[in-house]
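Student: What follows is a structure written as structure tokens; I'll ask about it next.
The values are calculated or read from the model by the stated rules, or taken from the named source; none is laboratory data. Note that the structure is predicted; figures quoted are calculated from it, not measured. Here the Cβ positions follow ideal geometry from the backbone for every residue, glycine too, while neighbour counts run over all protein chains shown. Protein only, heavy atoms only, side chains kept; ligands, DNA and RNA dropped before computing areas. Shrake-Rupley method; radii C 1.70, N 1.55, O 1.52, S 1.80 Å.
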Amino acid sequence: MKKFTFSGLWVLILVLMAILLNAQVAHSCDSTGPVIVVNPTSIIQPLPSGGTAQGILNIANDGDSNLIFEIQIEYFQPEDGWLLVTPTMDTVIPGGNTDITLDFDAGGLEQGIHQAILLIANNSAIDTLTVPVDIVVHYCGPNYAIIPMSFEQTLESGHTATQEMTITNIGEAVLTFDIEVVTNEKTKADPDPNNRPIKRQQCNEPVIGINVDAAPGFTPGPISYTDDLYDLQFEFACGDASGEAGTECDGNYIYTTKWNGTGQFFRYQIDGTFLGQFDISGAAGVRDLAYDGTYMYGAAANTTLFEMDFLNELLISTLTAAVETRAIAYDEGEDGFWANNWTTAPTLFDRSGVIIKSFDINGDENIYGFAYMDNIEGQALWALSQSQSGNMLLRYNLPDGTFESIFDMMTILSMPNSGDIAGGLYMHPDLVSGYWTLGGLVQNVCLWGIEMGITNQPTNDVGIRRFTSPTTGPVLTNREIVSVEIKNYGTAPQSNVPVYYSLDGGEQVNGIVPGPITPGESIEYTFEGTVDLSTPGQSYYFVGCTTMEGDENPDNDCKNMLLTWVNITYCDASTTVEDEWIARVICGDIDKSSGWQGGVADYTDLFTRIDAGLSESLTLKTARHGPVTLCMHGLTGMTTSNSNRVVKKNSSLTTLAEQARFSKAPLRLREM
């Protein structure tokens, strides 16, 4: 049980604001000041290589005073300059709007997706608004698929044989080609190693329903954009595309499975060159794969687990899995396997089929692939899910299986279209030298890899991960504490780490983190003194850095934060029939259920007492699956270990706050 713990002589008065029990609200509040509205909220612009295009972003002011804004562009790839914004600043009167011209230029850009964000600084309550902008550079001329890419034929003297090669134009223009037969020398099968056997383009149709292993009732949802972008290491087209679903890597080759086959598998070089098919008799219908350093493992969504030698193309043995196995990953620490089937609980079992542990999930994930991680980025089970857009990457921290994050792979991949669905997943070091690769597959479309930690971990490396206090919210005060989370990324313990922060470019406030901070550990440090953030509507810019002598990786030393004193108003609910998102709140003398009362109820007068030195738990029970925001008054200096958490329907969330101090300042504690 996690609890709020308080110290001192004060008596805590806990006020649960109306927003706590009314998370589902409309944006129909009467407001003062400028209110910025942008349309569209995200932009995707497809262009042929070297092409240009123009778009419009509309900025409106729904408030009652002038809106002033300025736009800056932040690019996520080294290639920049492909977007021009006109004008970059303007003033919009109340009720007015203005069009911003966006000029796109794909000249000099490689095929694929290039990403940027428009940062719209303004004088509304949302001081900096972000609009994701993607340019998708594609090639819609002639393109080819050659199947098979090579032949082998043994003939006795005087005999003949016939084999067929199919050349298909999968492009958008006429393909002209010639064939030359070269004898008595070896030639590469692929005439253009950069143009893979089947190269999926953005102008093609999705392949949903064609030889794909989709979750029951799958319907593709919208792409979910997020600030947590991962670095894409590679994206290669599938070479067979007749049922390629699972994937794994042994460091020498990347492999894929044929889920609808009778024992067929496919082999790729690490650079994506398709090497063709091989068969393992008796291993039909394998979905995802796992690798233990010697053999590959997989099952046909049942409890028969195949142990396979891919180098010699042999079935070694069969094991009995503890659960029906679609997604699978090898846990080297336990010498066991994590597995599940679509929405069942991820379960770790040993080679004898004995369950070691498991953890619950929401039940709507439709997981196809697992990958086990234990490196500088932490210990976790990654899952590739067919939920939402169809290609969602989920992280569950181990050993307890706590959900940490979700990321939409469709935001960084260029080959898949709407309706393409997730396949298998794996982790492997040094496919790109010096880095771990989290690799996956979009069924019948592409193999991809993203960076997931370094393999050559430095000895001495510390940095600020984030600011933990203060946070954007209502009623910031003139006595706000400043706290940061510092992580030891290196292999050696660190003590007496110098750290500083500055506010709005002012004088540095210095501190020393005594430590010791063990390798991989993150600790919170609170600077001495407080800062004045009490101007309503004002934005504040913080920069924090470590300055440890001998730090081998200074690139991760610093973090910045922009926060705002937000004016809040109460809003009317947007529904007249549905239960509120938070169904029940329990804390001390408070035990309140919401339901639906024919209107939104007022819960702002609920309170309980927690005497000095005592503790009390706060439990929230949700009515629906979704994000929960917890707003509280009466506390400051509180920390929590449960940020970014999703609470599933009909479940409870209990939050622990440590090192809390009472003051007249409000606490803004967010649980997701």
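Student: Would you mention how many residues in the range 86-113 are buried (at least 18 other Cβ atoms within 10 Å of the Cβ) and under 17 Å from Ile59 (Cα atoms)?
Tutor: Counting residues in the range 86-113 that are buried (at least 18 other Cβ atoms within 10 Å of the Cβ) and under 17 Å from Ile59 (Cα atoms) gives 3.
Student: Look at the range 24-45 and say how many of its residues are surrounded by 19 or more Cβ atoms within 10 Å (Cβ to Cβ) and at pLDDT below 85.
Tutor: Residues meeting the conditions: 1.
Student: Restricting to the range 250-272, and then to whatever is touching a Lys or Arg at 6+ places or on another chain (Cβ under 7 Å) and polar (S, T, N, Q), can you tell me which residue is surrounded by the fewest Cβ atoms within 10 Å (Cβ to Cβ)?
Tutor: The extreme case among them is Gln264.
Student: Taking the criterion of being crowded, with 16+ Cβ neighbours inside 10 Å, under 30 Å from Leu618 (Cβ atoms) and modelled with pLDDT under 90, would at least one residue in the range 114-125 satisfy it?
Tutor: yes
Student: A follow-up question, please. Suppose the filter is at positive phi and part of a loop (DSSP other than H, G, I, E, B); does Gly108 pass it?
Tutor: Numbers: at positive phi: yes; part of a loop (DSSP other than H, G, I, E, B): yes.
Answer is yes for this residue.
Student: Could you tell me which numbered condition Leu129 fails, if it satisfies all but one of (1) assigned to a loop (DSSP other than H, G, I, E, B); (2) surrounded by 13 or more Cβ atoms within 10 Å (Cβ to Cβ)?
Tutor: Here Leu129 meets the rest and fails (1).
Student: While we're here: What's the number of the only condition in (1) modelled with pLDDT of 95 or more; (2) under 30 Å from Ala422 (Cβ atoms) that Cys446 fails to meet?
Tutor: Going through the list (1) modelled with pLDDT of 95 or more; (2) under 30 Å from Ala422 (Cβ atoms), Cys446 breaks only (1).
Student: Among the residues of the range 54-74, count how many are small (Gly, Ala, Ser) and open to solvent by 60 Å² or more (accessible area, probe 1.4 Å).
Tutor: Final tally of qualifying residues: 0.
Student: So, one more: Please work out if Ile406 is closer than 30 Å to Thr564 by Cα and surrounded by 19 or more Cβ atoms within 10 Å (Cβ to Cβ). If you could, list the steps in order and put the result at the bottom.
Tutor: Details: closer than 30 Å to Thr564 by Cα: yes; surrounded by 19 or more Cβ atoms within 10 Å (Cβ to Cβ): yes.
Yes, satisfied.
Student: Only one residue in Leu319, Leu393, Leu381 is touching a Leu at 6+ places or on another chain (Cβ under 8 Å), under 30 Å from Val133 (Cβ atoms) and aliphatic (A, V, I, L, M), so which one is that?
Tutor: Step by step, each of Leu319, Leu393, Leu381 is checked, and only Leu393 is touching a Leu at 6+ places or on another chain (Cβ under 8 Å), under 30 Å from Val133 (Cβ atoms) and aliphatic (A, V, I, L, M).
Student: Which residues, taken from the range 393-403, are open to solvent by less than 20 Å² (accessible area, probe 1.4 Å) and either under 20 Å from Ala245 (Cα atoms) or not in a loop (DSSP other than H, G, I, E, B) (or both)?
Tutor: Leu393, Leu394, Tyr396
Student: Residues in the range 63-93 that are more than 19 Å from Ala53 (Cβ to Cβ) and aliphatic (A, V, I, L, M): how many?
Tutor: Qualifying residue count for the region: 5.
Student: At pLDDT below 85 and open to solvent by 40 Å² or more (accessible area, probe 1.4 Å), is that true of Gln77?
Tutor: Taking the combined requirement at face value, the residue satisfies it.
Student: Report, by residue number, each residue of the range 350-361 that is open to solvent by 30 Å² or more (accessible area, probe 1.4 Å) and part of a loop (DSSP other than H, G, I, E, B).
Tutor: Matches in the range 350-361: Asp350, Arg351, Ser352, Val354, Asp360.
Student: Give the residues of the range 473-523 that are free of Cβ contacts under 8 Å to residues at least 24 places away in the same chain and out of contact with any Gly (no Cβ under 8 Å at 6 or more places or on another chain), sorted by residue number.
Tutor: Scanning the range 473-523 gives Gly506, Glu507, Gln508, Asn510, Gly511, Ile512, Pro514, Gly515, Pro516.
The rows are residues; the columns are (1) crowded, with 20+ Cβ neighbours inside 10 Å; (2) of a type in the set (D, E, K, R); (3) under 20 Å from Tyr426 (Cβ atoms); (4) in contact (Cβ under 8 Å) with a residue 12 or more places away in the chain.
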| site | (1), (2), (3), (4) |
| --- | --- |
| Thr325 | yes, no, yes, yes |
| Glu334 | no, yes, yes, yes |
| Ala339 | yes, no, yes, yes |
| Leu348 | yes, no, yes, yes |
| Tyr372 | yes, no, yes, yes |
| Gln379 | no, no, yes, yes |
| Ser385 | yes, no, yes, yes |
| Asn391 | yes, no, yes, yes |
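Student: Quick check on my filter: what residues within the range 554-590 are under 28 Å from Val35 (Cβ atoms), at pLDDT below 75 and not in a loop (DSSP other than H, G, I, E, B)?
Tutor: Once the filter is applied, which keeps residues that are under 28 Å from Val35 (Cβ atoms), at pLDDT below 75 and not in a loop (DSSP other than H, G, I, E, B), the range 554-590 yields only Ile582.
Student: Also: For the range 235-261, give me each residue that is out of contact with any Leu (no Cβ under 8 Å at 6 or more places or on another chain) and at positive phi.
Tutor: Scanning the range 235-261 gives Ala241, Gly243.
Student: Does any residue in the range 405-426 that is farther than 18 Å from Glu365 by Cβ and of a type in the set (Val, Ile, Thr) come within less than 7 Å, Cβ to Cβ, of a residue that is modelled with pLDDT under 90 and not in a loop (DSSP other than H, G, I, E, B) six or more places away or on a different chain, and which pairs are these?
Tutor: Listed by first residue and then by second, the contacts come to Ile412/Ile113; Ile412/Leu232.
Student: Can you tell me which residue within the range 273-289, out of those that are of a type in the set (A, V, I, L, M, F, W, C) and in a loop (DSSP other than H, G, I, E, B), is surrounded by the fewest Cβ atoms within 10 Å (Cβ to Cβ)? Can you show your working first?
Tutor: Quick first cut of the range 273-289, residues of a type in the set (A, V, I, L, M, F, W, C) only: 274-275, 278, 280, 283-284, 286, 289.
Then keep just the ones that are in a loop (DSSP other than H, G, I, E, B); that gives 280, 283-284, 286, 289.
Working: Ile280: 21, Ala283: 25, Ala284: 15, Val286: 30, Leu289: 30.
Across the range 273-289, the extreme among qualifying residues is Ala284.
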